[in-house]
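Enquirer: Here's a structure for you.
The values are calculated or read from the model by the stated rules, or taken from the named source; none is laboratory data. These numbers come from a predicted model, not from an experiment. Note: ideal-geometry Cβ built from the backbone for every residue, glycine included; neighbour counts use all protein chains shown.
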Amino acid sequence: MMHVQPIPALEDNYMYLIKDTKSGKAAIVDPVDVEKVMEVVKAENVQLTAALITHHHWDHAGGTKKLAEAMGAEFPIYGFSDGRIESLNHATEDQKSFKIGELDVTSLHTPCHTTGHICYYVRDAKEKAVFTGDTLFVAGCGKFFEGSATEMNRALNVVLAGLPDETKVYCGHEYTVSNLLFAKSVDGDNTKVTEKLRWAQKLRAEHKPTVPSTIREEKTFNPFMRVADAAILKKLGVKDEVAAIDKLREQKNSFKAKV
Ligand SMILES: [Zn+2]
């Protein structure tokens, strides 16, 4: 059975320990804080067998060298191989599959935030989860540092939206409240946005994480995944989904929430 444990790191990042409870094997997603990872691995009494890196940015991949030193050079570190992730020894690419214990993992290449961004789709017989790094956030998406609106539209509305609706979404940062405040500014009549915002604000007041959501939920309140909605297109004054994604990103980049 799969069990996922979010581990907060730095200011607002999440690392994730993915455990296969049957074999006792586990993988760590984006281990930026290696000491914290080691503490959790010890406390959970699991065997760490791999690290999955979503992209090369320091706050996700910054711990790989230290992890390789701690675990040995043979320890598998997965990620996209463009020379920007230190100590990477298991290059992965779109649709490449491997195992964590008995869990199945498939890499999904979703370039845009970075050209080498990978999302990891993990499942057992019952559950499905996707680790989306800085591509899909709860109610938002990552900045287009190395890609276009066309690519982000493909990542969100073809690749990730194509996963089963019940797939749980575990993203790289706790940005949910600010994302929903932005969503409210472009999709204010959507009660799913206002309900989720109220829920997220309550959880954050208690310092609790707002992950995971699900792909089904994201389709109801994430403006970047609602760009086929006629009301959103009208509000943005654009005619198609790619233009809508472009405009949303531009507006979000300069958005200041009125709290
Ligand atoms: Zn990033």
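Enquirer: Give all pairs with beta carbons closer than 8 Å in which a residue from segment 185-207 that is closer than 13 Å to residue 223 by Cβ meets a residue that is among the aromatic types (Phe, Trp, Tyr) and assigned to a loop (DSSP other than H, G, I, E, B); count only pairs at least 6 apart in sequence or on separate chains.
Expert: Cβ pairs passing all conditions: 185/255.
Enquirer: I'd like to check something: does segment 75-95 contain any residue that is under 26 Å from residue 247 (Cβ atoms) and away from the ligand (no atom under 15 Å from the Cβ)? Give the derivation first.
Expert: Going through segment 75-95, the residues under 26 Å from residue 247 (Cβ atoms) turn out to be none.
Taking every residue of segment 75-95 in turn, none turns out to be under 26 Å from residue 247 (Cβ atoms) and away from the ligand (no atom under 15 Å from the Cβ).
Enquirer: Quick one: in segment 126-158, which of the residues that are farther than 25 Å from residue 100 by Cβ and more than 16 Å from the ligand (Cβ to nearest atom) is surrounded by the fewest Cβ atoms within 10 Å (Cβ to Cβ)?
Expert: 158
Enquirer: Whether any residue in segment 101-115 is modelled with pLDDT of 95 or more, of a type in the set (Ser, Thr, Tyr), surrounded by fewer than 23 Cβ atoms within 10 Å (Cβ to Cβ) and within 13 Å of the ligand (Cβ to nearest atom) is what I want to check.
Expert: yes
Enquirer: Something else about it: So which helices (runs of 4 or more DSSP H) stay within segment 164-249 end to end and still have 1 or more residues that are within 24 Å of residue 147 (Cα to Cα), at pLDDT 95 or above and touching a helix residue (DSSP H, G or I) at 6+ places or on another chain (Cβ under 6 Å)? Even if it seems obvious, please write down each step before you answer.
Expert: Numbers: elements: 176-186, 191-205, 215-221, 230-236.
Helices (runs of 4 or more DSSP H) meeting the threshold: 176-186, 215-221, 230-236.
Enquirer: A further question on this structure: So, in segment 71-92, of the ones that are loosely packed, with under 15 Cβ neighbours inside 10 Å and in contact (Cβ under 8 Å) with a residue 24 or more places away in the chain, which residue ends up farthest from residue 48 (Cα to Cα)?
Expert: So, considering only residues that are loosely packed, with under 15 Cβ neighbours inside 10 Å and in contact (Cβ under 8 Å) with a residue 24 or more places away in the chain, the one farthest from residue 48 (Cα to Cα) is 82.
Enquirer: Okay, next question. From the list 200, 161, which residue is of a type in the set (Gly, Ala, Ser) and surrounded by 22 or more Cβ atoms within 10 Å (Cβ to Cβ)? Lay out the reasoning, then the answer.
Expert: Values: 161 fails: surrounded by 22 or more Cβ atoms within 10 Å (Cβ to Cβ).
Sole residue among the options that is of a type in the set (Gly, Ala, Ser) and surrounded by 22 or more Cβ atoms within 10 Å (Cβ to Cβ): 200.
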